1. I'd like to know if the stretch 302-310 contains one or more residues that are of a type in the set (A, V, I, L, M, F, W, C) and in a loop (DSSP other than H, G, I, E, B).
2. Working only within the stretch 316-332, note down all residues that are farther than 18 Å from T355 by Cα and either of a type in the set (V, I, T) or not in a loop (DSSP other than H, G, I, E, B) (or both).
3. Only one of (1) under 29 Å from L359 (Cα atoms); (2) surrounded by fewer than 18 Cβ atoms within 10 Å (Cβ to Cβ); (3) without any contact (Cβ under 8 Å) to a residue 40 or more places away in the chain is not met by A203, so which one is it?
4. So is K338 charged (D, E, K, R), touching a residue at least 60 places away in the same chain (Cβ under 8 Å) and outside the structural domain of V192 (by TED's automatic domain parsing) or not?
5. For the list (1) farther than 30 Å from E262 by Cα; (2) loosely packed, with under 14 Cβ neighbours inside 10 Å, I need the number of the one condition that R150 fails.
6. Evaluate the following for K313: is it assigned to a helix (DSSP H, G or I), assigned by TED's automatic domain parsing to the domain that holds A337 and either loosely packed, with under 15 Cβ neighbours inside 10 Å or modelled with pLDDT of 95 or more (or both)?
7. For the list (1) modelled with pLDDT of 90 or more; (2) outside any helix (DSSP H, G or I); (3) farther than 24 Å from A65 by Cβ, I need the number of the one condition that A139 fails.
8. Just checking, how many residues over the stretch 90-114 are more than 36 Å from the chain's Cα centre (by Cα) and loosely packed, with under 15 Cβ neighbours inside 10 Å?
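The values are calculated or read from the model by the stated rules, or taken from the named source; none is laboratory data. Every value quoted in this text rests on a predicted model; they were computed, and no experiment measured them. So basically every Cβ, Gly included, is an ideal-geometry build from the backbone, and we count neighbours across all protein chains shown.
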Amino acid sequence: MRPSVRTLLIAATAALALVPRLATAQGLFSPAYIVNDKIVTNFEIDQRAKLLTMLRAPGDPAKVAREQLIEERLKLEAAQVLGFEPAPDEVEVGMAEFSGRVNMDTEQFLRAIGGGGVAPESFRAFVEAGLAWRNLIQARFAPKVQVSDRDIDRAIQSATAGSDVRVLLSEIILPAPPQEALAAQARAAELVQITSPEAFSSAARRYSASATQGNGGRLNWMPITNLPPALRPAILGLAPGQVTEPIPLEGAIALFQLRGIEETGVSAPEYASIEYAALYIPGGRSESGLAEAARIKAKVDTCDDLYGINIGKPEEQLERGAKKPGEIPQDVALELAKLDRYEVSTALTRSNGETLVFLMLCDSTLEIAADAERESIRAQLQNKRLESLSNGYLAELRADARIIEK
């Protein structure tokens, strides 16, 4: 029997009703972008946008999804060429790790995103691309990324929060060998009475044996933590213009005048240890001793260079080591407080002035709680540098790629 006209009309109407749905489906799976010879479909973009929405990722989900998928095509292509595609079991572990970030196992996570319309395959592709890129970056760049202890110290210092104090001081270092000790003590008792910066600077030019003599004893701003621990309370107890009580040093007496004090807004570092080298030069501050110190200073750049200077001489003439701040002799600690790494002081003497101390600051280690924290900071710095190299490499891949929007 032939179908009636009415039956044909109903069937045609039903078929026509399916056309928009078929067109929509075809549009959903059609290419949105071609990246080199790889296709990104509208369906993938829709899936990624839904996943990003569920993860509450920042930005416009559709726009971010497009960018991510284009970049992932480039990442996967590079990983495939160089043989860094993750194995299936590695992808399974990666999916479990990602799910664990929201306190779910993989099955729980897949059910959760499935409720938002995200297919398991879309999540797997997302994880696979990330693992492939990580494998590639680790193999390509990780051996080149080195983080030193000095880098860790800087990171700790730059991350310090809170407030601390820095001080502006002037100094007078009075020579006080045994035969002149009483006279030096009497002079120090007079200098303590000074209340003006101008008078103190004038006395420094006249009496001080410090390298700052020509500058009126004036020091630059420094964190209070640079000073020896025993001296800090004495400095903090001063008002501007006041002078410390005489501080006995080996063969000398020190006095400090406070010219200024302020909170910096950033905590100054505490040092666990300070490494320095002391080369002992015969002749003290005589013309020959100072000339030898100047000659050595012109030839050395680091503490290691001093070993070469001391070849053929008694080993005890060169001392090098790291000590806690409280264990460093006070006069040495005061000089180190003025130095940056590898800078030199020749202000000190030993053996009643017969030996000149060529003092160089080698390094300093910041005080933190444990070695584990340093390793954690080291890993963070390595990851940050790897991320920078990764971004640069991806930018190169993108610049060389052929990306066509359909």
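1. First, the residues of the stretch 302-310 that are of a type in the set (A, V, I, L, M, F, W, C): 303, 306, 309.
Okay, now just the ones that are also in a loop (DSSP other than H, G, I, E, B), so 303.
Yes, there is a match, as at least one residue in the stretch 302-310 is of a type in the set (A, V, I, L, M, F, W, C) and in a loop (DSSP other than H, G, I, E, B).
2. Applying the first criterion (farther than 18 Å from T355 by Cα) to the stretch 316-332 yields 321-328.
Residues satisfying the conditions are G321, A322, K323, P325, G326, E327, I328.
3. (2)
4. On the way: charged (D, E, K, R): yes; touching a residue at least 60 places away in the same chain (Cβ under 8 Å): yes; outside the structural domain of V192 (by TED's automatic domain parsing): yes.
Judged against the criteria, K338 is a match.
5. Condition not satisfied by R150: (1).
6. Details: assigned to a helix (DSSP H, G or I): no; assigned by TED's automatic domain parsing to the domain that holds A337: yes; either loosely packed, with under 15 Cβ neighbours inside 10 Å or modelled with pLDDT of 95 or more (or both): yes.
So K313 does not fit the description; no.
7. Among (1) modelled with pLDDT of 90 or more; (2) outside any helix (DSSP H, G or I); (3) farther than 24 Å from A65 by Cβ, the lone unmet condition for A139 is (2).
8. Final tally of qualifying residues: 5.
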